[in-house]
1. Given the pairs LYS178/LYS209; LYS183/LYS221; LYS49/LYS210, which are separated by over 24 angstrom at their Cα positions?
2. Could you calculate the contour length gain from VAL109 to ASP179, that is, 0.36 nm times the residue separation minus the distance between their Cα atoms, to one decimal place in nm?
3. Any chance you could run the full-extension gain for MET196 through ASP222? It's 0.36 nm times the residue separation minus the Cα-Cα distance, nm to one decimal.
4. So, in nm, how far is label GLN157 from label ILE256 when the simple model puts each one 7 Å beyond its Cα toward the Cβ?
5. With labels modelled as points extended 7 Å from the Cα through the Cβ direction, what inter-label distance (nm, one decimal) is found for SER63 paired with ILE245?
6. Where the centre of each part is set by its Cα atoms, how far does segment 171-206 sit from segment 86-122, in angstrom?
Amino acid sequence: MKKLSARRRHPLAALVVLLFALAATGGLYAAFAPAKKAQAEDAPTALAKIEEGKKLYLSGCSSCHGLNGQGTSDGPSLVGVGPAAVDFQVMTGRMPLQQQGPQAPRKPVVYTQAQADLLGLFIGSLGAGPAVPREEEYALDGDIQEGGELFRTNCSQCHNFSGEGGALPEGRFAPSLKDVDPKHIYEAMLTGPQNMPSFPDTIMPPEQKKAIVTYITGVTKDEPNPGGLGLGRLGPVSEGLFVWIFGLGFLIAAAIWIAARTPKARTK
């Protein structure tokens, strides 16, 4: 039996087992290594995009915000604002600023979406901030009833209950939300541009922001007003002004017309 066992156990058996184990380990490593390799290959690409974004920033933004985004007397610091703030400001035309004033108005867009993405990458490299939302986050499939309640509670004081906008102190204003891209509405809630408070996910979950986006997009559509003239949907101010000017004016004109046709007026 000892002779038979010695014949079965070849002197190179241990070496063969070791080689087999090494081959199995190498195969497992090769199965997971491509992901790391892809990340390593993507790193130089990301750095190159950040450099391209920096060039755009230096040529179009640094005069107000500083060479390193630290801010100047003409513009705030951009450290920590995040790519979402860049996408909102640039793709709504608010930046670059045309001239100094109480508020940056919406105007025609200067940069392309690709250039805005590069700027966002560079600004994002200066400090962590809100990322550009994914398409499913601002899709128009939220709870419109909940969105209306949230909008009236948190937004209507400035933007009006129908999103028509309104005046604020010191020459500022809450802009109209009509024809605003749902993505930009979501980004505004994330970043709180200018006079608007921010609503990060810790304060307002993504589902609630989606509900507000769905409500705003629905309520600002050009649809017939079943009650008659919309009058800008500005509420009791415009409606009361209409009554005072046209309603009271009609009553005064009618009173004059009746008085002019009385017998006493005719005898004169």
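A short reminder: the numbers here are calculations on the coordinates, not readings from a lab. On a predicted model such as this, the values are computed, not experimentally measured, just so you know. Note that we place each Cβ from the backbone using ideal geometry, even for glycine, and neighbour counts take in every protein chain shown.
1. As for pairs spanning more than 24 Å Cα to Cα, those are LYS49/LYS210.
2. This chain segment gains 23.7 nm when fully extended.
3. Value of the extension gain: 6.8 nm.
4. Modelled inter-label distance: 4.5 nm.
5. Modelled inter-label distance: 4.1 nm.
6. 15 Å
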